[in-house]
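Any read-out appearing in this document is the output of simple, stated calculations on the displayed coordinates, not a laboratory observation. Just so it is clear, the model here is predicted, and its values are computed rather than measured. So basically every Cβ, Gly included, is an ideal-geometry build from the backbone, and we count neighbours across all protein chains shown.
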Amino acid sequence: MKPVLIRETLGDQSEKVSDILHALSQPITALECGLELSLRKDKTPAELRARVRSSLSTARLLHQRLVGFQ
């Protein structure tokens with residue numbers, strides 16, 4: 001059985017979907033990397049708070065982009 005690719009299923013809309021996925025993947029990757037770094041490097045409460053603030057900012061950006069696509 002051949003896997004179904006998004007591009008084949010969506011036809012003309014695949015470029016738009018690709019753009020949306022790209023716009024969402026950037027903040028998700030930043031959020032993931034920031035949290036991984038926090039687990040490995042951040043030792044003080046101040047460092048952890050700074051990382052949480054940065055992660056919250058990234059999550060807000062992701063939410064903003066999602067709302068923009070509706």
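Exactly one residue out of Leu39, Leu24, Leu61 is surrounded by 12 or more Cβ atoms within 10 Å (Cβ to Cβ) and without any contact (Cβ under 8 Å) to a residue 40 or more places away in the chain: that is Leu61.
Scanning segment 42-51 for residues that are surrounded by 11 or more Cβ atoms within 10 Å (Cβ to Cβ) and without any contact (Cβ under 8 Å) to a residue 12 or more places away in the chain yields a count of 5.
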